[in-house]
Structure formats: structure tokens, C-alpha cells
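The values are calculated or read from the model by the stated rules, or taken from the named source; none is laboratory data. None of these values were measured; they are calculated from a predicted model. No Cβ is skipped: glycine too gets one built from the backbone with ideal geometry, and neighbour counts run over all protein chains shown.
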Ligand code: ADP
């Protein structure tokens with residue numbers, strides 16, 4: 001799988017670079033188009049390399065985990081700040097519910113990546129005029145964070161598979177506004193599990209999907225309300 005993901009962009013980069021060099025593409029417009037493809041494919045390879053590095057690090061264990069006390073509310077508010085421009089561009093409404101003041105213990109950057117990956121997908125697979133909603137609810141010892149979209153949805157028999165490495169639903173490949181590698185949710189699952197949590201997807205009763213992340217709450221009186 002990795003070699004296929006690398007080969008395709010590389011072939012494309014080689015082809016376009018060669019075409020510029022041997023003069024097959026000549027006009028300024030053609031050269032710009034070729035350079036643009038080279039840039040897009042190089043960026044893709046860069047993203048792939050970063051994702052593979054992240055997975056390798058996660059697999060190697062939790063040694064380099066920066067453990068801190070993370071505010072769920074602040075983390076999710078940061079997500080809204082990060083994704084609101086993209087949501088506006090896509091004409092999708094992105095909302096954050098009232099979030100309880102709870103804390104989790106773990107690596108803040110890694111946990112942020114979990115929600116980044118889920119939100120990135122939610123916005124990618126939700127057409128214009130759709131909505132993406134983030135909610136959080138406190139259980140006995142856990143906090144349940146949910147990201148609900150009313151996008152294209154995921155067939156029931158794909159609900160487990162999408163968390164596997166390199167797995168992409170066929171229809172999603174064609175949908176491809178920004179083609180992924182099928183690594184985002186595999187990374188998210190590794191991170192959640194390393195924080196003793198759970199991640200899963202369900203069908204949204206209306207339309208689309210609901211991604212749930214359940215994490216243990218950090219129990220320390222000092223940090224509680
Ligand atoms: P990718 O980089 O391809 O998005 P992910 O691991 O993040 O990889 O997701 C795997 C696949 O799960 C996606 O390719 C897509 O088919 C499906 N998927 C993930 N999130 C959603 C969603 N919110 N709506 C519909 N399909 C989704």
C-alpha cells in the first residue's frame with residue numbers, strides 16, 4: 001500500500017518535470033500547469049511522510065508522549081478556530097455545543113490531531129449547506145465527545161474498516177476534493193487507544209455520520225469545578 005501511494009505521485013512528478021525539460025510543454029501556461037501538478041504531488045508526498053512518521057512513533061510506544069492536563073473545552077474551541085475558515089469556504093455550518101469544564105490527561109498535540117483528523121473528514125464529506133456539530137457529555141468517569149455531520153455517510157459494513165491503515169471507501173476516492181491516504185483515522189485510533197479511550201463511528205439518524213471519542217476524565221479536585 002505504501003509503495004503504491006508513493007509511486008503514483010512520483011510518476012506524475014517525473015513525467016511533468018521531464019516534459020518541461022525536454023520541451024514537450026512549452027508555453028508559459030503549460031509550464032505553470034506542470035509546475036502546479038509537481039507542487040501538489042510534492043505536498044501530498046510530504047503529508048504522507050508526516051503521517052507515516054506519526055504512525056511509526058505511535059507504534060514505537062508512548063515514550064515521547066508529552067503528558068499534561070488538557071482542557072477539553074479549550075481544545076475543542078481551538079478546533080473551531082482552526083476549521084471555521086474552511087467551513088465557511090465550504091458553506092458548511094460548524095458549531096460547538098456547550099462544553100463541560102472537564103480535563104483529560106495526555107498529550108495535547110496528539111489529542112488535537114484526533115479531532116483535527118475527524119473534522120477534516122467531516123468537512124470533506126459534507127456538501128455545501130450541510131452542518132457539522134461538536135458536542136461533549138460527561139459520563140461517570142469519562143467524557144464523550146461527538147462530531148456529527150450530515151454528509152455522504154458511511155455504509156455499516158465500512159464502520160470498522162475505515163479505522164484500518166490505507167482504507168478508503170470507494171465512493172470517497174471518487175468524491176476526492178482533497179484526496180487522502182486513508183491514514184487519518186488509523187492515526188486517530190492509535191492516539192485514542194494510547195490515552196485509554198475508545199473511538200468509533202455510527203450512522204447519524206438523520207443523515208451522515210457521528211464520530212465518538214470517549215476519554216477518561218482526569219480526576220483531581222484541584223482541576224474540578
Ligand atoms: P482519508 O485521509 O482518506 O480521509 P481517513 O482514515 O481519515 O483517511 O478516513 C478513511 C475513510 O473513511 C475516508 O477515505 C472516507 O472514505 C471515510 N470517512 C471518514 N470520515 C468520513 C465522514 N465524515 N463521512 C463519510 N466518509 C468518511
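Quick notes
- Selection status of residue 87, in a helix (DSSP H, G or I) and farther than 29 Å from residue 151 by Cα: no
- Evaluated against (1) away from the ligand (no atom under 15 Å from the Cβ); (2) assigned to a helix (DSSP H, G or I); (3) in contact with a helix residue (DSSP H, G or I) (Cβ under 9 Å, 6 or more places away or on another chain), residue 136 falls short on exactly one condition, (2).
- Among the criteria (1) touching a helix residue (DSSP H, G or I) at 6+ places or on another chain (Cβ under 6 Å); (2) over 24 Å from residue 150 (Cβ atoms); (3) assigned to a helix (DSSP H, G or I), the one residue 70 does not fulfil is (3).
- Check on residue 94, away from the ligand (no atom under 16 Å from the Cβ), in a strand (DSSP E or B) and in contact with a strand residue (DSSP E or B) (Cβ under 8 Å, 6 or more places away or on another chain): no
- A Cβ distance below 7 Å, combined with a sequence gap of six or more or placement on separate chains, defines the contacts here; from segment 15-36, residues that are surrounded by 14 or more Cβ atoms within 10 Å (Cβ to Cβ) reach residues that are in a loop (DSSP other than H, G, I, E, B) in the pairs 19/25; 31/25; 34/25.
- Each residue in segment 132-150 was checked for being over 20 Å from residue 216 (Cβ atoms) and at pLDDT below 95, and 0 of them qualify.
- Residue list for segment 140-172, restricted to those being assigned to a loop (DSSP other than H, G, I, E, B) and more than 9 Å from the ligand (Cβ to nearest atom): 140, 141, 150, 155, 159, 160
- Subset of segment 53-73 (residues that are surrounded by 13 or more Cβ atoms within 10 Å (Cβ to Cβ) and free of Cβ contacts under 8 Å to residues at least 12 places away in the same chain): 57
- Positions within segment 119-128 being near the ligand (Cβ under 10 Å from one of its atoms) and assigned to a loop (DSSP other than H, G, I, E, B), in sequence order: 125, 126
Yes or no, residue by residue, for (1) within 14 Å of the ligand (Cβ to nearest atom); (2) under 19 Å from residue 216 (Cα atoms); (3) modelled with pLDDT of 95 or more:
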{"position": "39", "(1), (2), (3)": "no, no, yes"}
{"position": "50", "(1), (2), (3)": "yes, no, no"}
{"position": "57", "(1), (2), (3)": "no, no, no"}
{"position": "66", "(1), (2), (3)": "no, yes, no"}
{"position": "77", "(1), (2), (3)": "no, no, yes"}
{"position": "90", "(1), (2), (3)": "yes, no, yes"}
{"position": "115", "(1), (2), (3)": "yes, yes, yes"}
{"position": "130", "(1), (2), (3)": "yes, no, yes"}
